[in-house]
1. Among the residues of segment 41-63, is there at least one that is part of a loop (DSSP other than H, G, I, E, B), among the acidic types (Asp, Glu), modelled with pLDDT of 95 or more and surrounded by 12 or more Cβ atoms within 10 Å (Cβ to Cβ)?
2. Do we have TYR90 as aromatic (Phe, Trp, Tyr) and in contact with a Ser or Thr (Cβ under 7 Å, 6 or more places away or on another chain) here?
3. Please pick out the residue among GLU22, GLU26, GLU15 that is of a type outside the set (A, V, I, L, M, F, W, C), more than 18 Å from LYS93 (Cβ to Cβ) and touching a Ser or Thr at 6+ places or on another chain (Cβ under 7 Å).
4. Taking only segment 1-38 into account, find how many residues are among the acidic types (Asp, Glu) and touching a Phe, Trp or Tyr at 6+ places or on another chain (Cβ under 9 Å).
5. Pairs needed: first member in segment 9-33, on the phi < 0 side of the Ramachandran plot and touching a residue at least 12 places away in the same chain (Cβ under 8 Å); second member anywhere, assigned to a strand (DSSP E or B) and of a type in the set (Gly, Ala, Ser); C-beta distance under 6 Å; at least 6 residues apart or different chains.
6. Just the residues that are part of a strand (DSSP E or B) and without any contact (Cβ under 8 Å) to a residue 40 or more places away in the chain, please, taken from segment 68-89.
7. Determine, yes or no, whether GLU95 is buried (at least 17 other Cβ atoms within 10 Å of the Cβ) and acidic (Asp, Glu).
8. Please enumerate the residues belonging to segment 12-27 that are over 16 Å from the mean Cα position of the chain (by Cα) and either part of a loop (DSSP other than H, G, I, E, B) or hydroxyl-bearing (Ser, Thr, Tyr) (or both).
Amino acid sequence: MVRVRFIWDAEGLYEDEDEDTEEELETYYDAETWQEACDDSADCWDWDDEDVINFTAQSELVETTRSLSKILIQEDGKEEVEADPEVHEYYGKAEEKAMGIE
C-alpha cells in the first residue's frame, strides 16, 4: 500500500490585487501503487477552489490557480520521501490525459 501526498501552491486572484489570497493545499491518495494514486489525483484536475476564495473581497474574482509544488510518497508505512522526477512526469501525463489534452 502506498500513500501519495500532493502539495499545491494555490491562489485566488482578484481585480484588486490587495484582495488576492495564497494557500498551500494538500491532497492525499491511498492506492496499491504510486501510479494508481497519480491517476486518481489527475482525475481530480477540476479541483475545489473554495480554499483560495476571499469571501470578504469587494472586487471581482478573476481566476483561481494552483501549481503542483511537491509529490511525497510513503510506502508500506515507511518514512515519507520526495518523489523522483519520473513520478512528476507520470503525473503530468496522467493529468493531460484526464483533461483530454494528450
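The values are calculated or read from the model by the stated rules, or taken from the named source; none is laboratory data. Model, not experiment: these values are computed from the prediction. Here the Cβ positions follow ideal geometry from the backbone for every residue, glycine too, while neighbour counts run over all protein chains shown.
1. There is no residue in segment 41-63 that is part of a loop (DSSP other than H, G, I, E, B), among the acidic types (Asp, Glu), modelled with pLDDT of 95 or more and surrounded by 12 or more Cβ atoms within 10 Å (Cβ to Cβ).
2. Answer is no for this residue.
3. Criteria check complete, one pass: GLU15.
4. Matching residues across segment 1-38 total 5.
5. Close Cβ pairs (under 6 Å, with a partner that is assigned to a strand (DSSP E or B) and of a type in the set (Gly, Ala, Ser)) amount to ASP9/SER67; ASP9/SER69; THR21/GLY12; GLU23/ALA10; LEU25/ALA10.
6. VAL81, GLU82
7. Values: buried (at least 17 other Cβ atoms within 10 Å of the Cβ): yes; acidic (Asp, Glu): yes.
Here the answer is yes, as GLU95 does meet what is asked.
8. Within segment 12-27, the subset over 16 Å from the mean Cα position of the chain (by Cα) is 13-21.
If the condition is that a residue be over 16 Å from the mean Cα position of the chain (by Cα) and either part of a loop (DSSP other than H, G, I, E, B) or hydroxyl-bearing (Ser, Thr, Tyr) (or both), then TYR14, GLU15, ASP16, ASP20, THR21 are the ones that fit.
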